[in-house]
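Comments concern the structure below.
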Amino acid sequence: MLFASSSFSTTTQSSEKSRFVFHIIHGNERTRRKRRKEFFWRRNSQKWCSSSNNNKRTTTRMMATTMENSSSNNDTIVAIATPIVPQLGGVSIVRISGENAREIANEIFKPTGKRKDCFQSHVVLHGTIVNNNDGEVIDEVLLLPMLKPRSYTAEDVVEIHTHGGSVCAARVLDACLRTNACRLARNGEFTMRAFLNGRLDLSQAEAVHSLIRAETDEAAVQALKTLRGGLSNDVKEARRRMIDVLAELEARLDFDDEMVPLDVDKIAKEVDEAKEVALSALKTSQKNASLSVGCTLAIVGRPNAGKSRLLNRWTKSERSIVTDVEGTTRDVVEATVNVSGVKVTLLDTAGIRGGSSRSSSNSSNSNGSSGSDDSNKEEETEIIDKVEAVGIERSKIAARGADLCAFVLDASRGWERADETVWREALDVAKNVIFVANKMDDITENASLIEEMKSDPSGKMKPFLTNQLRVPEYVLDKCNLNNVVFLSAKEGFGIEDLESKVSNAFESGLSSVEGDAYFVSSRQSEALKHAVEAMERVKESALNDLPVDFWTIDLREAAVALGEVTGEDVSEDILGTIFERFCIGK
């Protein structure tokens, strides 16, 4: 821990500690030497108060102070906080934040009845928004004041709840701007102010964006955990450990002879515990990336195996064209489904075959058509074959690049040479393959037979596949009997079983992730990697008995990297990049 004089008040202690941490990490050698002396003379006094919740990063405070000095960041801002959808939605919200928020609301809002205090914090008021020029009523609204610091931005905030659609909210926004006491907010400016005012740290601010854009339940749960401080609390504790060790070692550079012997084991333990926190967050970042992006599943098979009908049945749509003509699908058709909280992008691919089935069209017309007619038909057929060839090539690329592949076999015909072509050209090197026996309704109407095969894979399922459907052994070896699905895309049975197989295959790739899973962005992931690498170098320096100066270099780098995760060490350029991804009203 760091130490200070007992005469400091809590506020002074926090401020002094912030300056100390900043100079230890970012200062030049002269400044660090001065701070080391202060540390040495205070080390025998009362321990510095632990103020991890109040002690926001000094660099961020300096940045906030600099930005506050700019008139644009002292401005009161306004924006529509809800999606603007013409003629849809029951309610829209216009949000105002800044020191003029109450003044603006006072000018354009007329409360229902006679109220003396129109701006009691967190008390909803009913009334109307009027044109401040002629008094014309613009909309009937609910007004919700949230006075600082109990608001999203930690500033005075007023939310005006208008009728839905785009017109009402736009008219109220225009009325706010006509007061000349505010300006239109920039992208993410409300959340940036929440960050700069200490309402959120940077990991929480990024989690807001992730929560808004979440497409599955699992992604939303992870983002919410991070928003509630799950990740930042762990990372801040790890950073505190690094700073405590760094301060101890910095003091020893000048006063080692006057201090107790260095406890190397204790320092190693502190570094190990901090590294475990970073590694745990890195593991969950892998799962988070998968949940955010989801996975891709390529539906592959020969022409007319029922791939397009399967996609339509699965997505409950008519996304793909379904006909009895082979080769109807000529490009990769995409659709999205939610499988056990995971976004799965389905890729309906063109049927793969070795040669064109249309070559017979090149034969002469038996009715004695002219040579020019035959030539035109041959040219048309050649163009069609070229288009299909491009589609087949794209199908192969999609199958090789997908996270999962569903190989669709026409069970009514069994395994044929065309299926062998598909397997050889598209699935031989595929990552994970689920074997789908489609059109089972053409083979049996006995649902119990399918259940019996599922309950006895080796005794009943395998003989059925090898004997009746003639599926080669090497195909079953790669797919595994646990990844075999019997279904009918036409009748709709077996889809739930397919979803279960997809969910199991996806989750098996994430089985290494244990404990709480938080939202971790790619930026945070890179910072965590740098922190882990720096901490590993600290241990190497200790094991190789290198001078303490070497230790402090890597400890400082680890502390800075961990600070980048929560925003305690981050540049203004990075902040701009992060918040410009937000919508204007957030």
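Converting phi to 3J(HN,Hα) with the Karplus coefficients 6.51, -1.76 and 1.60 and the offset θ = phi - 60°, the stretch 95-102 yields 10, 10, 9, x, 5, 9, 4, 5 Hz in sequence order, with x at every glycine or proline. Near Leu200, the amide H atoms lying under 5 Å from its own belong to Phe195; only residues 5 or more places off or on other chains count, and H is placed 1.01 Å from N. Cβ crowding within 10 Å ranks Ile450, Ile93, Ile299 as Ile93, Ile450, Ile299, fewest other Cβ atoms first.
When the Cα gyration tensor is reduced to axis lengths a ≥ b ≥ c, the ratio a/c is 1.5 or higher for the stretch 75-199, and with a/b not above b/c it is classed as oblate. Full extension of the chain segment joining Lys269 with Ser455 gains 61.9 nm, where the gain is 0.36 nm per residue of separation less the Cα-Cα distance.
My understanding is that a pair violates if its Cα-Cα distance is over 20 Å; which of Lys283/Lys396; Lys343/Lys478; Lys283/Lys529 do that in this structure? Walk me through the numbers before you get to the answer.
Values: Lys283/Lys396 32 Å; Lys343/Lys478 25 Å; Lys283/Lys529 11 Å.
Pairs exceeding the cut-off: Lys283/Lys396; Lys343/Lys478.
Kirkwood hydrodynamic radius of the stretch 157-251, from the reciprocal of the average inverse Cα-Cα distance over all distinct pairs: 16.7 Å. Of interest is the spacing of the C-alpha centroids, which for the stretch 418-488 and the stretch 521-543 amounts to 47 Å. Summarising the amide proton neighbourhood of Cys405: residues at separation of 5 or more, or on other chains, whose placed amide H is nearer than 5 Å comprise Ala298, Asn432, Val433, Ile434. In this label model, Arg413 and Arg171 are separated by 6.3 nm, measuring between points 7 Å along each Cα→Cβ vector.
Extending 7 Å from Cα along the Cβ direction at Arg400 and again at Asn233 yields two label points whose distance is 4.8 nm. Amide hydrogen proximity for Arg183: with H placed 1.01 Å from N in the peptide plane, the residues at 5 or more positions away or on another chain lying under 5 Å are Thr76, Ile77, Val78. As a calculated quantity, the FRET efficiency between Glu136 and Arg424 at R0 = 51 Å, using C-beta atoms, amounts to about 0.10.
For the pair Ser500 and Thr112, the difference between a 0.36 nm per residue extended length and the Cα-Cα distance amounts to 134.1 nm.
Every number here is computed from the coordinates shown, using simple stated rules; none is lab data. Treat the numbers as computed from the prediction; the structure is a model and nothing was measured. Note that each Cβ is placed from the backbone with ideal geometry, even for glycine, and that neighbours are counted across all protein chains shown.
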